[in-house]
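Trainee: Could you have a look at this structure, given as structure tokens, before my questions?
The values are calculated or read from the model by the stated rules, or taken from the named source; none is laboratory data. Quick caveat, the model's predicted, so the values are computed rather than measured. Quick reminder, even Gly has a Cβ in these numbers, built from the backbone with ideal geometry, and neighbours come from all protein chains shown. Areas reflect the complete protein model, heavy atoms only, side chains present, ligands, DNA and RNA absent. Shrake-Rupley method; radii C 1.70, N 1.55, O 1.52, S 1.80 Å.
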Amino acid sequence: MVKKVGVAILGLGVVGGGTYQTLVEHREFYLKTQQVDISVEMVLDRSSERLDQLGVPSEIRAKSIQEVIAHPNVDIVIETIGGIGVAKEFVTMALRDGKTVVTSNKELICKYSHELEKIAKHNRCGLFYEASCVGGVPIIRTLLDGVQANCIRSMMGIVNGTTNYILTKMTYEGADYADVLKEAQKLGYAEADPTADVEGFDSMYKLSILSSMAFHTKIPYTKISREGITGIGAKDIAYGKELGYTLKLLAIGKNTEKGIEVRVHPTFISNAHPLASVNDSFNAVYMQGDAVGDVMLYGRGAGALPTASAVVSDVIYAATHAEIKYSTFKNTANADGSVKFISDFESAYYLRLLVDDKPGVLAKISGVFAKCGMSIVEIAQKKRDMDLEQGQVPLVIITHQTTENTVKKAVEKIKALQIGTIETVIHVE
Ligand code: HSE
């Protein structure tokens, strides 16, 4: 028997527009394959030009959220507005009215899923958010269903398409960050205000959601150490490449016996690592489960149709499952005292220094490393650039595993030597 389901879409920007298009164009297909007739009953957006552009019929254009909620045929509300202002208010209203909500909003889920899920349970409706993390890549359902037999030990992901596009261009074209960012903005890959992407906030929200699910514990975003890509130069990417490494903005979560470690930062990974060949705006998440071993999910993490794919999958799931399955996702905005977080985490490091080209300089630097108990894997003096002061040379060092605090100590000691400057410090995984 065919089940009839009515949906409303709030916010018809890139993702909402793609969702509208997918639902309209695939209506017959879902009817045939899923025996569900999903009709868009209402849409809400401030811009009538945008609705004209998408060809939305005038009779389904709502004037207010109240009109959407009061509509008798709306069973599922899709929130694709973004942010936590009006989006939170509208989602809360819909859930309070007993309507199932499907959202693509990572910030909302990262910060308020606990509160929203409580309202959903109380009103016996569902809350779905596959599209909140890694766009069209089905990572949430994989974590909740596909790999639930495992204890997940670690996850490493390229979960932001904008920064991956920028870093890929910098790697393969030797271009500078500022130039690539401008080009990405022109092409619509980066927002006019790119802060959320390039400073790592977007990846941080996604890591908070994904690691909470993977490790079955609360991992508030406030516990995630975050660093963006704005300080990365084409020079470091090129030196790393010569040494066999590729630079990526990684979201890393580790669940160890000593505690939980969660961080977002630019990272050099070996060219042989599967994540090294995830390029352009593609995303991937690489996980290690105790039974399954290594698993990697790869695909488009952003964009209208890839993200709509995740939104509509949630709509179909909600429409075809009578019983609501709530996630085991435990996140809140605050840390749980019983969870131990490691901030002085272990990693290998890449350091680039500009030093005086004089006898004894290298010995002094290696002396500091020895004193701090840091072991060097590789050290290379590079050719002097035209733009460098006479008598200065670049020095690139790769260390063995050490701790964050040890590196900080060594950096201070090297500064005190007054033999040059430390230009960059980058993690190596
Ligand atoms: N702005 C994100 C990205 C997509 O560049 O990957 C939405 O999370």
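Trainee: How large is the accessible surface per residue of the stretch 1-105, computed with a 1.4 Å probe and reported in Å² as a whole number?
Mentor: On the way: 5090 Å² over 105 residues.
Value for the stretch 1-105: 48 Å² per residue.
Trainee: Could you order D197, D97 by accessible surface area, starting with the largest, using a probe radius of 1.4 Å? Working shown, then result.
Mentor: Values: D197 20, D97 85 Å².
Solvent-accessible surface, decreasing: D97, D197.
Trainee: Given the C-alpha centroids of the stretch 150-212 and the stretch 241-260, what is the distance between them in whole angstrom?
Mentor: Cα centres, the stretch 150-212 to the stretch 241-260: 15 Å.
Trainee: Just to check, using Stokes-Einstein with a Kirkwood Rh over alpha carbon pairs, what's the diffusion coefficient of the stretch 308-429 at 20 °C and 1.002 mPa s in µm²/s?
Mentor: Working: Rh = 18.3 Å.
Taking Rh from Cα pairs, D becomes 117 µm²/s.
Trainee: Going by Cα centres, the stretch 404-418 and the stretch 261-308 are how many Å apart?
Mentor: 32 Å
Trainee: Quick check: the distance between the Cα centres of the stretch 1-44 and the stretch 79-102, to the nearest angstrom?
Mentor: Taking the Cα centre of each part, the stretch 1-44 and the stretch 79-102 sit 18 Å apart.
Trainee: Please arrange L31, L210 by accessible surface area, largest first, computed with a 1.4 Å probe and ligands excluded.
Mentor: Numbers: L31 50, L210 5 Å².
Most to least solvent-accessible, the answer reads L31, L210.
Trainee: Among residues other than S343 whose Cβ falls under 13 Å from its Cβ, what is the net charge (Lys/Arg +1, Asp/Glu -1)? The partial results should precede the final answer.
Mentor: Working: positive: K223, R226, K254, K258, R263, K340, K408; negative: E261, D344, E346, E404.
For residues surrounding S343, the net value is +3.
Trainee: With every protein chain left in place, what is the accessible area of C110 in Å² (1.4 Å probe, nearest 10)?
Mentor: So the heavy atoms of C110 present about 0 Å² to solvent.
Trainee: At 1.4 Å probe size, with no ligands or nucleic acids counted, give the accessible surface of K382 in Å², nearest ten.
Mentor: For K382, the solvent-accessible surface is approximately 40 Å².
Trainee: Could you tell me what percent of the accessible area of the chain is made up of carbon and sulfur, with a 1.4 Å probe and every protein chain present? Walk me through the numbers on the way to the answer.
Mentor: Working: 9630 of 19210 Å².
The computed percentage sits at 50.
Trainee: Once the whole set of protein chains is in place, how much accessible area is left on E89, using a 1.4 Å probe, in Å² to the nearest 10?
Mentor: Per-residue accessible area (E89): approximately 100 Å².
Trainee: If you don't mind, there's one more thing I want to ask. Take each of the peptides 223-233, 262-272, average the number of other beta-carbon atoms within 10 Å over its residues, and list them starting from the highest. Can you show the working numbers first?
Mentor: Working: 223-233: 18.7, 262-272: 21.2.
Put in order of decreasing packing, that is 262-272, 223-233.
Trainee: Keeping all protein chains in place and using 1.4 angstrom, which order do E107, E191 fall into by accessible surface area, from largest down? Intermediate values should be presented prior to the final figure.
Mentor: Working: E107 40, E191 115 Å².
From most exposed to least exposed: E191, E107.
Trainee: Hey, another quick one. Considering the stretch 107-201, what Rg and Dmax in Å follow from its alpha-carbon atoms?
Mentor: For the stretch 107-201, the Cα-based Rg and Dmax read 17.5, 54 Å.
Trainee: Still on this structure, please answer the following. Can you tell which of G85, G174, G161 shows the greatest fluctuation in a Gaussian network model of the chain with Cα springs below 10 Å?
Mentor: Top of the fluctuation ranking is G85.
Trainee: Express the accessible area of the stretch 211-354 per residue in Å², computed with a 1.4 Å probe while the remaining protein chains stay in the model.
Mentor: On the way: 5660 Å² over 144 residues.
It amounts to 39 Å² per residue over the stretch 211-354.
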